[in-house]
1. Which semi-axis lengths, in whole Å and largest first, follow from the square roots of five times the eigenvalues of the Cα gyration tensor of the range 37-114?
2. Please compute the net charge surrounding residue 62, taking Lys and Arg as +1 and Asp and Glu as -1 over other residues with Cβ under 11 Å from its Cβ.
3. So for each of 57-63, 89-95 I average, over its residues, the number of other beta carbons within 10 Å; can you give me the resulting order with the highest mean first?
4. Determine ³J(HN,Hα), in whole Hz, for all residues of the range 94-108 in sequence, where each value follows from phi through the Karplus function 6.51 cos²θ - 1.76 cosθ + 1.60 and θ = phi - 60°; x replaces Gly and Pro.
Amino acid sequence: MLHLYLPIYTHASELLFDWFFHHNGFVILIAGGLVSFLVVKYCNNRRVQEHKNKRNPRSFTARYNCNKLVYFEVFSTPMEAICREKQLKNGNRKRKNSLVNKMNPSWEEMAVSQ
């Protein structure tokens with residue numbers, strides 16, 4: 001299973017982090033509660049951490065406790081990531097669940113935080 005490392009812990013993860021960080025955008029799926037919510041977001045590395053730490057208490061992800069990163073895709077440009085985000089937002093829940101199940105069948109947390 002792939003993991004998105006935030007922040008860097010070992011030499012091997014430094015290489016992984018550098019590879020991810022130099023790409024300009026992520027599309028992430030964040031699960032909330034008992035997987036009753038599945039939020040699609042375009043973001044960069046910093047924003048993933050902000051969602052997890054509930055930096056903005058009035059945001060949807062904070063209000064509904066959506067802080068479990070269960071899926072992500074990496075893109076070389078923000079425009080590619082934004083286009084993919086729109087595709088996923090227009091898709092149904094079954095398709096989103098299928099994407100998560102292919103990458104992360106146990107729906108485990110994929111971000112390693114401090």
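1. Over the Cα atoms of the range 37-114, the ellipsoid semi-axes are 19, 16, 13 Å.
2. Working: positive: 52, 54, 55, 58, 63; negative: 50.
Net local charge, residue 62 excluded: +4.
3. Values: 57-63: 12.9, 89-95: 9.9.
Descending packing order for the listed peptides: 57-63, 89-95.
4. 4, 5, 5, 4, 5, 4, 5, 4, 6, 8, 9, x, 8, 6, 7
Throughout, read-outs are computed from the coordinates displayed, never taken from laboratory work. Just so we're clear, the structure is a prediction, and the values are computed from it rather than from any experiment. Using ideal geometry, Cβ is built from the backbone for each residue, glycine included, and neighbour counts are taken over all protein chains shown.
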